[in-house]
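Heads up, the thing below is written out as structure tokens.
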Amino acid sequence: MYFKDCKKYTCTEPRPRKFVWDEELDTQRCCSFNQIFYPLRSKILCKQLPDECTTVCVECVRVEAKANLDLVVEDDCPERAPETKVITDVPFDLKTPGYPNPYPPKHDMCWSWTPKCGNSAFLQFDDFDVLGNDAHVTINPPINGKSKFWGNSFNSANAPPKTISFPCDTAVMICFKSGKIVNGHKGFRAEIVDKPCSNWISSPNYENVTKDYFTCDETQPTQGYGGGIHHCDVRAPSASGQTINLDFCQFDIPDPLNGDYLTIHPNPTGIPKYYGPSLNAADAPPKWTEYPGISYLTVCFKTRPTVDQDQGYLAEIFE
């Protein structure tokens, strides 16, 4: 097999001792339009819009490991003023401009929510497709020490968690920004709600852990945790300089080769992913860790799409 221009040549043997080269379009590197082959990043059928500063083209771009023709919008218009929406009540739906249609270029907007006293904000992403030149979402308070996110289901390394629980009585800011060039990504849809503050964090299969005064023995999961989870709990001290304690009392997460694991930031050990059948396992997190003087503590839980009947985890975060 070899490649030349936009064609892939494969040596075949249709009959014994009869060898011929079969040629076909290299669909990973080129697109076809009107029987003409175009390599990646080629632009065709460009048109300038009436505002004389926006250009729309059909461009050969890579989508899900294949080259496809897609509309690309390039905006050379003057910068728009950033837009900030102060959320006044929850639940509230957050959507990028035009969702589920592709978001426009050079758009800068933010949503701000301050939870009611005694509550913490809870953010859930139902869809996330933010990619392209300079397109990203920022979330504050930070998650795992990180505030800037981008990606989609096929490129998820830098995408945000599906669900995030923020510190008690702490304002949350979510911002979206697109660059001057966009190429068909639809942005995101999310919902923000309030939930009662709690010292406890757990995998979703634990129930009734919102109250602060109970012991580990008072709650046991009736079933294992579900599949497709990517959840983070972010906690902060009540005052600067205070010490946060993380105390695990139950832990049952299988080997990460199966896709289930826990991460902690700041990491108390050199182990990047925590797992094991109990807190006595070699790769389980420390049962108790003290964090003096930190700004935020993040505990994240991620699972494979299909899971077994493992019990998950339960921990208390306190000062």
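A quick yes/no check of all residues on (1) closer than 16 Å to residue 118 by Cα; (2) modelled with pLDDT of 90 or more; (3) of a type in the set (Gly, Ala, Ser):
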| site | (1), (2), (3) |
| --- | --- |
| 195 | yes, yes, no |
| 204 | no, no, no |
| 214 | no, no, no |
| 228 | no, yes, yes |
| 231 | no, yes, no |
| 235 | yes, yes, no |
| 244 | no, yes, no |
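Can you name the residue in the range 57-91 that is part of a loop (DSSP other than H, G, I, E, B) and modelled with pLDDT of 85 or more and is also least open to solvent (accessible area, probe 1.4 Å) among such residues? Filtering the range 57-91 for residues that are part of a loop (DSSP other than H, G, I, E, B) and modelled with pLDDT of 85 or more, the one least open to solvent (accessible area, probe 1.4 Å) comes out as 87. Scanning the range 4-22 for residues that are touching a residue at least 12 places away in the same chain (Cβ under 8 Å) and open to solvent by 100 Å² or more (accessible area, probe 1.4 Å) gives 5, 21.
Scan the strands (runs of 3 or more DSSP E) fully inside the range 145-208 and keep the ones with 3 or more residues being open to solvent by 20 Å² or more (accessible area, probe 1.4 Å) and in contact (Cβ under 8 Å) with a residue 60 or more places away in the chain.
On the way: elements: 146-149, 163-168, 172-177, 187-196, 200-202.
Where strands (runs of 3 or more DSSP E) fall fully within the range 145-208 and carry at least 3 residues being open to solvent by 20 Å² or more (accessible area, probe 1.4 Å) and in contact (Cβ under 8 Å) with a residue 60 or more places away in the chain, they are 172-177, 187-196.
Considering the conditions (1) under 21 Å from residue 25 (Cβ atoms); (2) exposed (fewer than 15 other Cβ atoms within 10 Å of the Cβ); (3) at pLDDT below 85; (4) of a type outside the set (Phe, Trp, Tyr), residue 39 is excluded by exactly one of them, (3). Being among the aliphatic types (A, V, I, L, M) and part of a strand (DSSP E or B) is the filter here, so list the residues in the range 259-318 that pass it. Across the range 259-318, the qualifying residues are 262, 264, 297, 299, 314, 315, 317.
In the set 274, 291, 261, which member is under 17 Å from residue 163 (Cβ atoms) and touching a strand residue (DSSP E or B) at 6+ places or on another chain (Cβ under 9 Å)? Write out each step before concluding.
Numbers: 274 fails: under 17 Å from residue 163 (Cβ atoms); 291 fails: under 17 Å from residue 163 (Cβ atoms).
Testing whether each residue is under 17 Å from residue 163 (Cβ atoms) and touching a strand residue (DSSP E or B) at 6+ places or on another chain (Cβ under 9 Å) leaves just 261.
Of the residues making up the range 226-262, those that are open to solvent by 30 Å² or more (accessible area, probe 1.4 Å) and of a type in the set (Val, Ile, Thr) number 1. Among the residues of the range 95-136, those identified as surrounded by 22 or more Cβ atoms within 10 Å (Cβ to Cβ), under 18 Å from the mean Cα position of the chain (by Cα) and more than 16 Å from residue 185 (Cβ to Cβ) are 121, 123.
The values are calculated or read from the model by the stated rules, or taken from the named source; none is laboratory data. This structure is a prediction, so every number in the text was calculated from the model and none was measured. As a convention, Cβ positions derive from the backbone with ideal geometry for all residues, glycine included, and neighbour counts pool all protein chains shown. For accessibility, only protein heavy atoms count, side chains too; no ligands or nucleic acids. Shrake-Rupley method; radii C 1.70, N 1.55, O 1.52, S 1.80 Å.
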